[in-house]
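Some notes on the structure that comes next.
Please treat every number below as a calculation from the coordinates, not as lab data. These figures come from a predicted structure and were not determined experimentally. Heads up, the Cβs are rebuilt from the backbone with ideal geometry, glycines too, and the neighbour counts pull from every protein chain shown.
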Amino acid sequence: MNRSVIVGVAAMLLTTATALAQPAPAGHQPGEESAVLGALDRYVHAISAKDLRTMAAMQTPDGMTYVARPRKGGGTEIVGRPNSYWVDPARAEGPALRERYWSPTVLVRGPIAVVWAPYELWEDGKTSRCGVERPADGSHLRPEG
């Protein structure tokens, strides 16, 4: 009987040691928040400056942006645009833009970061749209480096 108790304790210790040796899954990484917000700030400034070159350098080339907006007559429509839309040279013309966000919530897990924040976009000094979203769709932004 002592032998089965020893074997049982040894198996339990081995299982515990193996579990402790496993790397912990990456959780929220608050030390990365300033880098994520820095990247978003650079992107928002690039929007306001119509700096398409900086915007293109910060986007993933094959990314998409999806926007849900009210449909005339009721309901919601989902509009998808490839990242190339935002940096098309034709977008350098048109109204003066200014975008800002505030009170961001930053979530970081491994190489993925998401920023949720209220925002407002002005076109020629007038509010064009506002709300709460991932500004400039944070899923396609990447920090320098």
Report the Cα-based extents of the stretch 30-140 along its three principal axes, largest first, to the nearest Å. 43, 33, 28
Which is farthest toward the positive dipole end of the stretch 30-140 among Gly74, Val108, Met55, measuring Cα position about the Cα centre, with Cβ charges +1 (Lys, Arg) and -1 (Asp, Glu)? Gly74
Per residue, how big is the convex hull around the C-alpha atoms of the stretch 44-92? Give it to me in cubic angstrom, could you? 88 Å³
Regarding the stretch 76-124, what's the average projected area of the Cα-atom convex hull, expressed in nm²? 5.4 nm²
Give the peptides 57-67, 120-130 in descending order of average Cβ contacts within 10 Å, highest first. 57-67, 120-130
Give me the distance in nm between label points sitting 7 Å out from Cα along the Cα-to-Cβ direction at Val114 and Arg81, one decimal. 2.2 nm
Where nothing but the Cβ of Lys and Arg (+1) and of Asp and Glu (-1) is charged, how large is the charge dipole of the stretch 30-140 around its Cα centre, in debye to the nearest 20? 260 debye
Among the GluC sites (Glu not before Pro) in the stretch 75-114, which ones are in a DSSP loop with at most 14 other Cβ atoms within 10 Å of the Cβ? Mind listing them? Glu93
